[in-house]
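Take a look at the structure set out below.
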Amino acid sequence: MFGEKILDYWDDIVSDLGKLVAVPSVAVPSEGPHPFGDQCAKAIDTVVEMAQGYGLTAKNVDYYAAHAEYGEGEGNAVVMAHLDVVPAGEGWSTDPFTLTIRDGKAIGRGVADDKGAAVVALHCLRALKDAGIQGKRKLRVIFGSAEEIGMADMPYYFSKEQHPDMGFTPDSGYGICHCEKGILDLSIQSENDSPLIRTFSAGTVANAVPAKAECTVVCTQEEYQRLVAAAERSEISFTVTRTEDGARLLAKGKAAHAAAPEHGKNAAAYTVELLAEVFGVERLGSFFQFIHEKIGLCTDGSQVGVAISDEPSGPLTFNLGLVSANAQGCSLTVDIRYPATKDGAWVSETIEAAAEEAGLGYRLLSDAKPLYLPKESPLVTLLSEAYREVAGEDCQIYSMGGGTYARQMFGKGVGFGPGFPDDEPCHEHDVNEQIDLRRFRLHAQICLEAMYRMLTAD
């Protein structure tokens, strides 16, 4: 089994992961030479320097992405990982940008999503080079820098570089994710016509359940007392303080990935529901009334009429990710993961009609089409055999709602690792993101075995 050779590089893997975690590479679209901000550019520079230090060919593609390469030939097999991360958020027990090893776990922003897997893939390439393996094609590890904000890095990268013949992204979980739901982001806007709500702020990114919401309202002393009493009965934590003419609310929910919003507690949605209960729906104004009536606490889109499902990928998920309001106006952003065999245009049109009926503005921000690769494809077979060789058990084939770089591989790639179904939660997109290093060592062996087979397969 070739995969076990990666263990010879384990200390370097942990050390390099620490160097990457130390870079707070939250992608921010910007102008100039760094299209996703200085920190993402620093992460690109860091990984290119690492690759070159290990004797690998490496290339920075205008700071959109980079790759390290081993092997020769007309074909091009790829492993795609990303170096950008979501914002750290509040409530960590450690410094999110300092790698902390505790009780066999590595803790830090990006260790699970996706810097840990990126570093492992780089060292797998190094192991193949050091062993002098002769392959049938090039093998590249591609490092992106804008996966968390819509993957605009990859269309640019592939406009400059060779398309893959096969590949995987270690940014999902084992076994093999052959099917990814479509990802649709939309925005709804209006003026603030609420006589109650002066300001409202929730969320940091659309693809995470907001763990915090803050708002100010105008109310009497009697209404304030009712608000305090209702807040104490809520499923989430509220802090309510009196202001000169009303109250300030701070809600603390629970973050979760937008692909599984049912695992979180949406602070924005709970706050709107609390205000509706205490003050009545009419005083919310048209924008927040829409949130109450058409979104609510549901995570399947049922209140706005888009609750659909299919056999390969399961039900649609609906995440109210960003909400803001002030005297200048109101806006919200929703992240939807729709079934792979369904039509994203119908989902968008249905919600647009509901927004227009409520007198609100609607904008479709993006619609990333689903990924669907048959279970019987040669790539799925190759990866299944690599998994079985290392793990000693059959590889499950599954679908998911998360959006990964697999959908950027022109129908030639899938999601494969690094997490296992029985792992403890890694808290990606949440505080205290972590990986179990013992399990991650197993992933590293599977990853090397898979890369070895992609490099040498006929």
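The values are calculated or read from the model by the stated rules, or taken from the named source; none is laboratory data. All figures in this text were calculated on a predicted structure; none of them were measured in a lab. Don't worry about glycine lacking a Cβ; one is built from the backbone with ideal geometry, like all the others, and counts go over all protein chains shown. Each accessible area value is taken on the protein alone, full model and side chains, heavy atoms only, with ligands, DNA and RNA left out. Shrake-Rupley method; radii C 1.70, N 1.55, O 1.52, S 1.80 Å.
Under the condition of being part of a loop (DSSP other than H, G, I, E, B) and of a type in the set (A, V, I, L, M), which residue from the range 148-161 is surrounded by the fewest Cβ atoms within 10 Å (Cβ to Cβ)? Full working, then the answer.
Restricting attention to the range 148-161, the residues satisfying the condition of being part of a loop (DSSP other than H, G, I, E, B) are 150-152, 161.
Those still in the list that are of a type in the set (A, V, I, L, M) too: 151-152.
Details: Met151: 20, Ala152: 18.
Here the residue is Ala152.
Report, by residue number, each residue of the range 318-345 that is open to solvent by less than 10 Å² (accessible area, probe 1.4 Å) and of a type in the set (S, T, N, Q).
The one that is open to solvent by less than 10 Å² (accessible area, probe 1.4 Å) and of a type in the set (S, T, N, Q): Asn319.
Which members of the range 405-458 meet the condition of being under 24 Å from Val14 (Cβ atoms), among the polar types (S, T, N, Q) and in contact with a helix residue (DSSP H, G or I) (Cβ under 9 Å, 6 or more places away or on another chain)?
Correct list: Gln445 only.
Just to be sure I understand, how many residues within the range 325-351 are part of a helix (DSSP H, G or I) and of a type in the set (Val, Ile, Thr)?
Of the range 325-351, the ones part of a helix (DSSP H, G or I) are 344-351.
Adding the requirement that they be of a type in the set (Val, Ile, Thr) leaves 347, 350-351.
Result for the range 325-351: 3.
Table: residues versus (1) out of contact with any Lys or Arg (no Cβ under 6 Å at 6 or more places or on another chain); (2) under 19 Å from Pro24 (Cβ atoms); (3) modelled with pLDDT of 95 or more; (4) aliphatic (A, V, I, L, M).
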residue: Asp45; (1), (2), (3), (4): yes, yes, yes, no
residue: Met50; (1), (2), (3), (4): yes, yes, yes, yes
residue: Gly55; (1), (2), (3), (4): yes, no, yes, no
residue: Lys59; (1), (2), (3), (4): yes, no, yes, no
residue: Asn76; (1), (2), (3), (4): no, no, yes, no
residue: Val79; (1), (2), (3), (4): yes, no, yes, yes
residue: His82; (1), (2), (3), (4): yes, yes, yes, no
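Please find, among Leu250, Leu274, the residue that is of a type in the set (A, V, I, L, M), over 16 Å from Thr204 (Cα atoms) and modelled with pLDDT of 95 or more.
Being of a type in the set (A, V, I, L, M), over 16 Å from Thr204 (Cα atoms) and modelled with pLDDT of 95 or more holds for just one of Leu250, Leu274, which is Leu274.
Restricting attention to the range 349-360, does a residue exist that is at pLDDT 95 or above, on the phi > 0 side of the Ramachandran plot and either aliphatic (A, V, I, L, M) or open to solvent by less than 50 Å² (accessible area, probe 1.4 Å) (or both)? Give the derivation first.
Pass one, the range 349-360, residues at pLDDT 95 or above: 349-360.
Filter again for on the phi > 0 side of the Ramachandran plot, leaving 359.
Going one step further and asking which of them are either aliphatic (A, V, I, L, M) or open to solvent by less than 50 Å² (accessible area, probe 1.4 Å) (or both), we end up with none.
The answer is no; no qualifying residue exists.
Give the residues of the range 295-317 that are at pLDDT 95 or above, open to solvent by 40 Å² or more (accessible area, probe 1.4 Å) and either touching a helix residue (DSSP H, G or I) at 6+ places or on another chain (Cβ under 6 Å) or not in a strand (DSSP E or B) (or both), sorted by residue number.
Leu297, Cys298, Thr299, Asp300, Ser302, Gln303, Gly305, Ala307
For the range 105-147, give me each residue that is of a type in the set (D, E, K, R) and either closer than 13 Å to Asp84 by Cβ or open to solvent by less than 10 Å² (accessible area, probe 1.4 Å) (or both).
Result: Arg109, Asp113, Asp114, Lys115, Glu147.
Could you list, ordered by first residue, the pairs with Cβ atoms under 8 Å in which the first is in the range 298-315 and within 25 Å of Leu373 (Cα to Cα) and the second is open to solvent by 30 Å² or more (accessible area, probe 1.4 Å) and among the charged types (D, E, K, R), at least 6 apart or interchain?
Ala307/Asp300; Ile308/Lys342; Asp310/Lys342; Pro315/Asp300
Within the set of pairs 6 or more residues apart or between chains, which connect a residue that is in a loop (DSSP other than H, G, I, E, B) inside the range 366-389 to a residue that is open to solvent by less than 40 Å² (accessible area, probe 1.4 Å) and of a type in the set (Val, Ile, Thr) with Cβ atoms less than 6 Å apart?
Leu373/Val414
Evaluate the following for Leu184: is it within 22 Å of Gly361 (Cα to Cα) and under 19 Å from the mean Cα position of the chain (by Cα)?
On the way: within 22 Å of Gly361 (Cα to Cα): yes; under 19 Å from the mean Cα position of the chain (by Cα): yes.
Yes; evaluated as a whole, the condition is true for this residue.
Of everything in the range 35-58 that's free of Cβ contacts under 8 Å to residues at least 40 places away in the same chain and touching a helix residue (DSSP H, G or I) at 6+ places or on another chain (Cβ under 9 Å), which residue is surrounded by the fewest Cβ atoms within 10 Å (Cβ to Cβ)?
Top of the filtered list is Thr57.
For the range 390-404, which positions are within 26 Å of the chain's Cα centre (by Cα) and assigned to a loop (DSSP other than H, G, I, E, B)? Quick ask: steps written out before the conclusion?
Narrowing the range 390-404 to residues within 26 Å of the chain's Cα centre (by Cα): 395-404.
The answer is Cys395, Gln396, Gly401, Gly402, Gly403, Thr404.
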